[in-house]
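Inspection log for the structure reproduced underneath, given as structure tokens.
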Amino acid sequence: QYVSLPLVPSNRSLAKQTWLLPLMNVCKQWHFTTRALFYQSALLTNKRKVHWIHEHKRILWLDEVIAAGRQQNLKRLQIIIAPSDLKSPEASTMLLRDALDRCGPLTGVREASILFVHNDAMRPYLSYKVPEFEETAGLGSEADVMACFQKNIEEYVALFNQLLPNRFAFNVCKTRRYGCDPLETEMAERLFCTLPKLLGSRICHFMTSNLSMSKQLIGDLDGISLKRISILQPNGLQKYIELIRRNAATLEMLQFRHVTTVSVAKITFNGRKRGTLIYPCLKELRISSCTGRRSFVNQPECDPFPALKSLYCRGPFPFSAPVVLDHGRKHISNLGIEVDAELLAILDGHNILEAGSFAKSNRVSLGWNHRNYRPRGDHANQIFIKALNLSGAAGTVGNTYLYVDDFTESVLPKITFSNSLCLLNLEGTYLTMNEAIKLLCGFKNLRVAGVSLKDDSEHSTLRMPAVDELQKYQRELKGYSSSSLQLLNVRHAEYRNVRRAAEFLVLMTSIVTSIST
């Protein structure tokens, strides 16, 4: 039931949430609640040019929302713009003017998303090269076309500001360029230069994907104090680093995706003489798909994020200086990082991942950087134990991509079974049924668990387990029947065939009788 829109954030929200429709008929109260959810996101674009959106008939369009009289429920509006839409005066403003005429300003919309697309992206099944001056017949010379185009942009921006006067979150994306029409390329560049006017003066949340940031654009954004910045697949990352630094005093959330470790580390570097750049209000830092080797230069000398509450990093951790995690032990409540042998040695040298280090953390997840090999033996066992013992107050703990060896003898006795743990997620870390039961039943208040199971190496076979074998398991694990676990999510079951896996899953639920789902 989801629609795929390239590079548009929160694209799943565009699909018609058909599962909500039956709930509207339950009662009057449910009708009002589900109706608000159903009409909270919509798309505005030229329908004749969206055959490239898969299953576009299942998208919730703005005119459908207006026809139903539910525009007051709209919270997010996503718009698709192509240079060809701004070539003629009529086509450029028709959609916005029509929306204004039908429903007036959408005062309830708080988040606006714009996807800049090239004309060739609108018709992928045709020739990739756009014929020169296509769709410009009757508009005069190239100079006349560009003059008209600039005027239309200004009118478009004015109508955009009228339609969405109360927006404070802005997402902007751009499709990749295929084809080689120089006129369209110039139009696209002029279109991108209007970004500050589209942002407006009230914007505090800014997300960009696959967009080049220029010095002029950085200067135009100088008067805006941003609280949240998300940078996905950036072009010219150094300019984005400058944008982040300029908003260091006000930033509360910062997100990176598809960036290098060196680039991320630069956000805290304030020059050799001025030392570390401090982000006094930053509460959440998220880094995913980070690549490259960790640098040991331009690292922070003091805590750059004194107010940080949530730190997530998938891929190489960018900070080689231990100061970020060392000081973070006092204030980080949600921690999720992937380590490698080099980082593990650095952190162990400062006792940063010792038991109880992150005493205030209520959510902890440690894993191995999956771009490297999965660790076996000591490294895997260390990380597994550290994650479970890092915070006695943690309500959620996760472990990812580990090969744990000798679990019963080397790992289980070293685990401190916290009474506060309610959710345990072991993604990509395989345990036998025996090991999983002994681990899960050790936590007296555990309610939800996600595990990956593997066959016992001694009995790995294609045959079904015999009756005496099942009875042996039941006798050995009889003392583990009492548990608070209610929901068990078996992510993977690595058995020689499906029937054998099913037998062990049934056996597991018959032993841990508290499992209801």
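The values are calculated or read from the model by the stated rules, or taken from the named source; none is laboratory data. In this text the structure is predicted, and so the values were computed from the model without any measurement. In this analysis, Cβ positions are derived from the backbone assuming ideal geometry, glycine residues included, and neighbour counts consider all displayed protein chains. Just the protein is used for accessible areas: all its heavy atoms, side chains included, with ligands, DNA and RNA removed. Shrake-Rupley method; radii C 1.70, N 1.55, O 1.52, S 1.80 Å.
Each row is one residue, and each column tells you yes or no for (1) of a type in the set (G, A, S); (2) part of a loop (DSSP other than H, G, I, E, B); (3) at pLDDT 85 or above; (4) surrounded by fewer than 15 Cβ atoms within 10 Å (Cβ to Cβ).
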| position | (1), (2), (3), (4) |
| --- | --- |
| E132 | no, yes, no, yes |
| G140 | yes, yes, no, yes |
| C148 | no, no, no, no |
| F160 | no, no, yes, no |
| N166 | no, yes, yes, yes |
Checklist entry - Looking at the range 92-111, which of its residues are of a type in the set (A, V, I, L, M) and surrounded by fewer than 15 Cβ atoms within 10 Å (Cβ to Cβ)? => result M94
Next on the checklist: Within the range 419-431, take every residue that is touching a Ser or Thr at 6+ places or on another chain (Cβ under 6 Å) and open to solvent by 30 Å² or more (accessible area, probe 1.4 Å) and give me the one that is farthest from R363 (Cα to Cα).
Outcome noted: Y430
Checklist outcome for this item: Checked the range 310-323 for anything of a type in the set (A, V, I, L, M) and under 17 Å from S365 (Cα atoms); matches are L311
Item to check | Unmet criterion (only one of (1) in contact with a Cys (Cβ under 7 Å, 6 or more places away or on another chain); (2) in contact (Cβ under 8 Å) with a residue 40 or more places away in the chain) for S452 | outcome: (1)
Checklist entry - Where residues in the range 267-299 are basic (K, R) and more than 22 Å from the chain's Cα centre (by Cα), which of them is surrounded by the most Cβ atoms within 10 Å (Cβ to Cβ)? => result R294
Checklist outcome for this item: All-but-one check, R499 against (1) closer than 21 Å to T429 by Cα; (2) in contact (Cβ under 8 Å) with a residue 24 or more places away in the chain, failing number (1)
Checklist entry - Within the range 1-43, which residues are among the basic types (K, R), open to solvent by less than 60 Å² (accessible area, probe 1.4 Å) and modelled with pLDDT under 75? => result K16
Checklist outcome for this item: Scanning the range 363-418 residue by residue, those open to solvent by 30 Å² or more (accessible area, probe 1.4 Å), more than 21 Å from F317 (Cα to Cα) and either assigned to a loop (DSSP other than H, G, I, E, B) or modelled with pLDDT under 90 (or both) turn out to be G392, A393, D405, D406, T408, E409, S410, T416, F417
